[in-house]
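Colleague: Okay, here's the structure, questions in a sec.
The values are calculated or read from the model by the stated rules, or taken from the named source; none is laboratory data. What you are looking at is a predicted structure, and each value in this text was computed from that prediction instead of being measured. Cβ coordinates were reconstructed from backbone atoms using ideal geometry, including for glycine residues, and neighbour counts include every protein chain displayed.
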Amino acid sequence: MRTLSLEHSVALIPDGASLMIGGFMAVGTPERLVDEILRQGKRDLIVIANDTAMPGKGIGKLVEKKLLRKVIASHIGLNPETQRQMMAGELEVELVPQGTLVERIRAGGHGLGGILTPTGLGTSVEEGKRRITVDGKDYLLETALKADFALVHAFMADYLGNLSYALTARNFNPVIAMAAETVIVCADHIMPVGVLPPDQVVTPAPIVDILVANPCS
């Protein structure tokens with residue numbers, strides 16, 4: 001695990017990279033990392049996240065500046081700009097049922113090829129996917145999701161990179177940390193080793209690649 005400045009952490013992300021970004025309607029989203037992506041003008045990005053938040057918040061900022069090539073998310077209902085770009089053919093949007101989305105990410109993080117789910121059978125979700133029968137019941141094969149980078153927001157981190165989360169801000173953050181080649185973490189509080197109780201560690205240090213040097217609160 002390395003400790004880097006915010007600027008140098010984001011500088012590692014090339015144009016065209018795939019990013020998993022934590023958050024649920026911008027709660028638990030690493031806003032400082034998103035803002036630095038904007039400042040550095042990263043482009044042609046693929047974002048995998050629960051949603052695209054709202055205009056001016058979280059991932060919504062990246063949408064507004066047209067820095068994204070594709071979004072894989074469970075809903076875009078509160079971001080009219082995402083909807084407009086999708087309808088205009090300016091942004092590719094893949095909508096995935098929320099439970100299926102998090103399970104596809106989990107599968108990617110655990111080295112699985114995918115999951116079997118009945119969700120979406122007989123709907124447009126099924127288009128282009130394999131139907132598999134197990135014990136007389138049909139399922140869709142949903143392939144695993146991985147990304148080049150996971151941008152994670154934590155409540156507390158220690159100097160080794162052990163992480164804990166606060167309440168609902170936890171949401172997708174722990175699961176995306178398992179499913180990316182490089183994990184970049186912004187934490188509200190950075191503590192000496194030993195201050196964070198072991199039973200509060202949700203994401204262990206070996207998973208974290210980069211911790212932003214200054215607290216992100």
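Colleague: Can you tell me which residues in the stretch 64-77 are among the small types (G, A, S), out of contact with any helix residue (DSSP H, G or I) (no Cβ under 7 Å at 6 or more places or on another chain) and either assigned to a strand (DSSP E or B) or modelled with pLDDT of 95 or more (or both)?
Modeller: Selection gives A73 alone.
Colleague: Those residues that are more than 20 Å from S18 (Cα to Cα), assigned to a helix (DSSP H, G or I) and either of a type in the set (K, R) or touching a residue at least 24 places away in the same chain (Cβ under 8 Å) (or both), I need them from the stretch 79-102; list them, please.
Modeller: Once the filter is applied, which keeps residues that are more than 20 Å from S18 (Cα to Cα), assigned to a helix (DSSP H, G or I) and either of a type in the set (K, R) or touching a residue at least 24 places away in the same chain (Cβ under 8 Å) (or both), the stretch 79-102 yields P80, E81, R84.
Colleague: Continuing with this model, one more query. From (1) under 24 Å from M178 (Cβ atoms); (2) over 14 Å from the mean Cα position of the chain (by Cα); (3) assigned to a loop (DSSP other than H, G, I, E, B); (4) of a type outside the set (D, E), pick out the condition that doesn't hold for S9.
Modeller: If we test S9 against (1) under 24 Å from M178 (Cβ atoms); (2) over 14 Å from the mean Cα position of the chain (by Cα); (3) assigned to a loop (DSSP other than H, G, I, E, B); (4) of a type outside the set (D, E), just (3) comes out false.
Colleague: Among the residues of the stretch 21-52, count how many are farther than 19 Å from T100 by Cα and either in contact (Cβ under 8 Å) with a residue 60 or more places away in the chain or in contact with a Ser or Thr (Cβ under 9 Å, 6 or more places away or on another chain) (or both).
Modeller: 10
Results for (1) surrounded by fewer than 16 Cβ atoms within 10 Å (Cβ to Cβ); (2) under 18 Å from the mean Cα position of the chain (by Cα), shown as yes or no for each residue.
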position	(1), (2)
T123	yes, no
K146	no, yes
T168	yes, yes
N171	no, yes
E181	yes, yes
M191	yes, no
Q200	yes, no
P204	yes, yes
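Colleague: Given the criterion under 12 Å from the mean Cα position of the chain (by Cα) and closer than 18 Å to M178 by Cα, identify the matching residue among G58, G23.
Modeller: Checking each option against the conditions leaves just G23.
Colleague: If you go through the stretch 5-20, how many residues are β-branched (V, I, T) and within 11 Å of D148 (Cα to Cα)?
Modeller: Summing the residues that are β-branched (V, I, T) and within 11 Å of D148 (Cα to Cα) in the stretch 5-20 gives 1.
Colleague: Which residues, counting only those in the stretch 32-63, are outside any loop (DSSP other than H, G, I, E, B) and either surrounded by fewer than 16 Cβ atoms within 10 Å (Cβ to Cβ) or on the phi > 0 side of the Ramachandran plot (or both)?
Modeller: Passing the criteria: D35, L38, R39, Q40.
Colleague: While we're here: Residue by residue through the stretch 78-115, note down the ones that are small (G, A, S), within 18 Å of the chain's Cα centre (by Cα) and either modelled with pLDDT under 95 or surrounded by fewer than 16 Cβ atoms within 10 Å (Cβ to Cβ) (or both).
Modeller: Selection gives G99, G111.
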